[in-house]
Amino acid sequence: MEDLVGAAAAVREKAYAPYSRFKVGAAVRGASGAVYQGCNVENVAYPEGTCAEAGAIAAMVAAGETRLTAVAVIADSPSPVPPCGGCRQKLAEFGLAEVPVTLATTDGARLETTIGALLPGSFSAAHMDRT
């Protein structure tokens, strides 16, 4: 997970956060082993920004992958910052419940969890099956 945390930290520096000044970086590992990064991108017309996790997932999908196997998220905060509700659902769309998630701070604090722990009872495609 160290490579993912490092990738998330590196891309965090590129975040566009002129309004909140709260930069977030995320990195996901695809099933191929490739690492995809994303950072938050704010917009003056709140809430039209994009979360770091969503950006990393978009980069993964743009590269042709649809399954993630690990996630790291980092921010400059007093304690590790979990993904927002929308990003938790996005992570659940592309990763199994047991996929490891490392939440980190720029000061080195870490919280190890899983997608399933972040979003118990997630909505899935199975809920839409009417047969």
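Quick look at the values:
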item	result
Filtered residue count, the stretch 10-60, keeping only those that are over 24 Å from residue 70 (Cα atoms) and among the charged types (D, E, K, R)	3
Conditions (1) in contact with an Asp or Glu (Cβ under 7 Å, 6 or more places away or on another chain); (2) under 16 Å from residue 81 (Cβ atoms); number of the one not met by residue 35	(2)
Considering residues of the stretch 33-75 that are at pLDDT below 95 and of a type in the set (Ser, Thr, Tyr) only, the residue nearest to residue 11 (Cα to Cα)	50
Meets criteria (out of contact with any His (no Cβ under 9 Å at 6 or more places or on another chain), under 15 Å from residue 2 (Cα atoms), surrounded by fewer than 20 Cβ atoms within 10 Å (Cβ to Cβ) and charged (D, E, K, R)) for residue 93	no
Qualifying residue in the stretch 11-29 (condition: surrounded by fewer than 19 Cβ atoms within 10 Å (Cβ to Cβ) and either within 13 Å of the chain's Cα centre (by Cα) or closer than 26 Å to residue 123 by Cβ (or both))	no
Residue 53 being of a type outside the set (A, V, I, L, M, F, W, C), out of contact with any helix residue (DSSP H, G or I) (no Cβ under 8 Å at 6 or more places or on another chain), buried (at least 19 other Cβ atoms within 10 Å of the Cβ) and under 17 Å from residue 16 (Cα atoms)	no
Residue among 45, 34, 62, 72 that is under 10 Å from the mean Cα position of the chain (by Cα) and at negative phi	72
Filtered residues of the stretch 46-63 (kept if under 14 Å from residue 28 (Cα atoms) and either part of a loop (DSSP other than H, G, I, E, B) or touching a Lys or Arg at 6+ places or on another chain (Cβ under 8 Å) (or both))	51, 52, 53, 54, 57, 63
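The values are calculated or read from the model by the stated rules, or taken from the named source; none is laboratory data. Remember, it's a predicted structure, so these values are computed and weren't measured experimentally. Note: ideal-geometry Cβ built from the backbone for every residue, glycine included; neighbour counts use all protein chains shown.
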